[in-house]
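First the structure, in the form of C-alpha cells, and then the observations on it.
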Amino acid sequence: MLFDINPKEYKKDLYNREYELNEIFDALKLNERLIVIYGIRRVGKSSILRVALKEAKLPHAIVDVKGLYFEHGSIAREMLYRSIVGFFLKNMSFFEKIGFKVKDFLSRIKGIHITEIGVEVEPTLATRMSFTEFLSKIDDWCGKHKKRFVLAFDEAQYLRFGGGVKYDGIIAWSVDNLPNITIIVTGSEVGLLRDFLKVDNPKAPLFGRYRREILVKRFSREQSIDFLKKGFSELKTSIKNSELEDTVNTFDGIVGWLTYYGYYRAVRKLSHGKAINNLFEEGSKLVLSELEKIITPSRKRYTVILKAVAQGISTWSDIKAYTVIKTGPISDKRFSNLLKNLVKYGYLTKENNKYKIPDPVVKHACLTLKQQ
Ligand SMILES: Nc1ncnc2c1ncn2[C@@H]1O[C@H](COP(=O)(O)OP(=O)(O)OP(=O)(O)O)[C@@H](O)[C@H]1O
Ligand SMILES: [Mg+2]
C-alpha cells in the first residue's frame, strides 16, 4: 500500500525511485564498496535502501544507527553486533530463500549463540572481537560462498557517537581491504554526514576513496499529484482535484508528509481540512521531539533564530538583528556557528545567501516553539 506510513520494504509499495534503485543496483553489480545516499528528512531514503536490498537479493544487514543512538546514547560495538544479528534473524526466511545460511554463518562467530527464543550475544564478544574482525569474518564467508554482503548504516552520521570506536576509520579500512563487502551509508543531516565521513579532508581516512553518491530529491509537483492519485485509487477512495492541489501546495514533494495525508484521508477517513490540521499537529510533535534535543545546548538563541526564519526573515544580518533584539548581544562568530549548525542538521537551507526552512511542517513546528 502506497499510504503505509512505515518505511517501505517491497517494490510494489514504492512509488517511482527507479533512478535511485538503478544507481544502487549498478554500484552493486560493479562490486563498488561504498555508496552514500543523501536526502532531507522524510524524502524516502530508508524505503529506497530497504527495497533496493530486498530486490538485489543479496545478504545484507541494515543498522538503524539513529534508533540505536536514541536508545543507548552512543553506538557501542556490542549494540552494533546485536543489531546486525537481530536483522539476520528477523529476515531469516528471506535470507534462506536467497541461499544465505544465517545459522551456518553465525555459528562461525564465537560468542553468538542461537537459541529457541532468539539470539544471545555474549557481552564479552564486544571486548573479544573488534569490528574489523567481525567484518573480516563476513568478508571471508562471502569470499568462500562467492557472494557480496551489503552492510547499511541508516542515518550513519550518528556513528560519530561511537564512544571509543572510530567508525569512519573502520569504514575506510573495509573499503580498502574487504572486497566482498559494500558499505552503504545514508544521512538526512547531510552536513553532519559529510562531516562524519570527512570526505573533503585530505587527512581523513575516507578522503579520496571512490564512492557512489545518490541524492534523493523530493518529488516534482506532477509526481506528487500522481503519487496521491495512485494511492487513493489503490484504496478505492475518491478525492477532489482541488484537494490534491492544495495538499501538494502545502506539503510540497516530501513523500513522508504526502503519505501521512493519504493515510489520514483514505485509511482514517478524515476530511481534507482535518487531515491537514492533524498532519501539522502530529507532524510538529514528531519534528519537535527531535529538534528539542538539538537545540538544547543554546535553546533560547536557536529558538529565536528558527522563529525568525519561519517568519520569513532570511538574510544573515536580518536574522542576527532579530536575535539580538530578542536575546541580547552575540558575537558574529558565535551567531554564525549557530546558523551553520542548523544548516548542518538540515533544519535550514542556505541558497543565494538566504536562509529558509525547507520543510513546511518544520516551519510550522518552529512557530510553535516556546522560548523558555
Ligand atoms: N517512493 C515512495 N513511495 C511510497 N511511499 C514512500 C516512498 N518513499 C517514502 N515513502 C513513505 O514516506 C515516509 C518516509 O519514508 P522513509 O522513512 O523511507 O524516508 P526517510 O528519508 O528515511 O525519512 P527519515 O528522515 O525520517 O529517516 C514513509 O511513510 C514511507 O512509507
Ligand atoms: Mg530514514
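The values are calculated or read from the model by the stated rules, or taken from the named source; none is laboratory data. Please read all numbers here as calculations on a predicted model, not as lab measurements. So basically every Cβ, Gly included, is an ideal-geometry build from the backbone, and we count neighbours across all protein chains shown. Just the protein is used for accessible areas: all its heavy atoms, side chains included, with ligands, DNA and RNA removed. Shrake-Rupley method; radii C 1.70, N 1.55, O 1.52, S 1.80 Å.
So which chymotrypsin sites (Phe, Trp or Tyr not before Pro) in segment 190-244 end up in coil per DSSP with only 16 or fewer other C-beta atoms within 10 Å?
Values: sites: Phe196, Phe207, Tyr210, Phe219, Phe227, Phe232; in loops: Phe207, Tyr210, Phe219.
Qualifying residues, ordered by number: Phe207, Tyr210.
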Checklist outcome for this item: Residue-ordered couplings for segment 252-268, obtained by feeding phi - 60° into the Karplus form 6.51 cos²θ - 1.76 cosθ + 1.60 and rounding to whole Hz (Gly and Pro as x), are 6, x, 8, 4, x, 6, 5, 5, 4, 4, x, 5, 4, 6, 8, 9, 8
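Of all beta bridges DSSP finds with both residues in segment 17-215, what is the antiparallel percent, to the nearest 5?
Values: 4 of 23 bridges.
Around 15 percent of the beta bridges assigned by DSSP in segment 17-215 are antiparallel ones.
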Checklist entry - Each residue of segment 155-160 in turn: what ³J(HN,Hα) in whole Hz from Karplus with 6.51, -1.76, 1.60 and θ = phi - 60°, glycine and Pro shown as x? => result 6, 5, 4, 6, 5, 5
Checklist entry - With axes computed from alpha carbons, what is the tilt in degrees of helix 299-310 against the longest principal axis of the chain, rounded to the nearest 10 within 0 to 90? => result 70 degrees
Next on the checklist: So for each of 40-46, 318-324 I average, over its residues, the number of other beta carbons within 10 Å; can you give me the resulting order with the highest mean first?
Outcome noted: 40-46, 318-324
Checklist outcome for this item: Amide H contacts under 5 Å for Phe153, restricted to residues at least 5 apart in sequence or on another chain and with H modeled in the peptide plane, are Val63, Ile184, Val185, Thr186
Checklist entry - Taking Lys240 as the anchor, which aspartates and glutamates have their alpha carbon closer than 20 Å to its alpha carbon, excluding any fewer than eight residues away along the same chain? => result Glu222, Asp226, Asp252
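Once you have the Cα-Cα distance between Arg221 and Val267, take 0.36 nm times their residue separation minus that, and quote the gain in nm to one decimal.
Extending this stretch completely gives an extra 14.2 nm.
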Checklist entry - Amide H of Lys8: which non-local residues (sequence gap of 5 or more, or other chain) have their own amide H closer than 5 Å, using H built in the peptide plane? => result Ser47
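Would you calculate, for the chain, the mean residue ellipticity at 222 nm contributed by helices, counting each DSSP H stretch of 4 or more residues as -39,500 (n - 2.57) and dividing by all residues, to the nearest 500? Each step should come with its number before you reach the end.
Details: 18 runs with 201 residues, N = 372.
Computed ellipticity for the chain at 222 nm equals -16500 deg cm²/dmol.
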Item to check | Rounded to whole Hz, the Karplus (6.51, -1.76, 1.60) HN-Hα couplings of segment 27-43, x for glycine and proline | outcome: 4, 5, 4, 7, 6, 5, 9, 9, 10, 10, 10, 9, x, 5, 4, 6, 8
Checklist entry - Which shape class applies to the chain: rounded if a/c is under 1.5, otherwise prolate when a/b exceeds b/c and oblate if not, where a ≥ b ≥ c are the square roots of the Cα gyration tensor eigenvalues? => result oblate
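Accessible area per residue, 1.4 Å probe, Å², for segment 1-85: what's the number?
Working: 3450 Å² over 85 residues.
Here the residues of segment 1-85 average 41 Å² of exposed surface.
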Item to check | Pairwise centroid distance, computed over Cα atoms, of segment 201-271 with segment 336-360, Å | outcome: 21 Å
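Can you give the accessible area per residue of segment 294-368, in Å², using a 1.4 Å probe?
Values: 3710 Å² over 75 residues.
Each residue of segment 294-368 exposes 49 Å² on average to a 1.4 Å probe.
Out of the total accessible area of segment 221-289 (probe 1.4 Å, heavy atoms of protein only), what percent is carbon and sulfur? Walk me through the numbers before you get to the answer.
Values: 1680 of 3380 Å².
Taking all protein chains in place, segment 221-289 shows 50 percent carbon and sulfur surface.
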Item to check | Accessible carbon and sulfur surface of segment 7-54 relative to its total accessible area, %, 1.4 Å | outcome: 50 percent
Checklist outcome for this item: Share of accessible surface on carbon and sulfur in segment 294-368, whole %, 1.4 Å probe and ligands ignored, is 51 percent
Next on the checklist: Sorted from largest to smallest, which semi-axis lengths in Å does the alpha carbon gyration tensor of segment 294-368 give for its equivalent ellipsoid, taking the root of 5 times each eigenvalue?
Outcome noted: 17, 13, 12
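Too long at a 26 Å Cα-Cα cut-off: which of Lys57/Lys90; Lys90/Lys274; Lys45/Lys285; Lys29/Lys137; Lys101/Lys137?
On the way: Lys57/Lys90 16 Å; Lys90/Lys274 37 Å; Lys45/Lys285 21 Å; Lys29/Lys137 22 Å; Lys101/Lys137 14 Å.
Long pairs (Cα-Cα over 26 Å): Lys90/Lys274.
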Checklist entry - Which whole-angstrom value gives the distance between the alpha carbon centres of segment 153-176 and segment 289-335? => result 31 Å
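Just want to confirm a number: the relative contact order over the chain, from Cα pairs under 8 angstrom separated by 6+ residues, in percent. Don't skip to the answer; put the middle values down first.
Details: 511 pairs, mean separation 72.0, N = 372.
Dividing the mean separation by the residue count of the chain yields 19 percent.
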Item to check | Under-5 Å amide H pairs with Gly39, H placed in peptide plane, nonlocal only | outcome: Gly187, Val216
Next on the checklist: Which of Arg17, Arg108, Arg218 ends up with the largest GNM mean-square fluctuation for the chain, with Cα atoms connected below 10 Å?
Outcome noted: Arg108
Checklist entry - What is the packing order of peptides 333-344, 360-371, taking the mean over residues of other C-beta atoms within 10 Å and listing the highest first? => result 360-371, 333-344
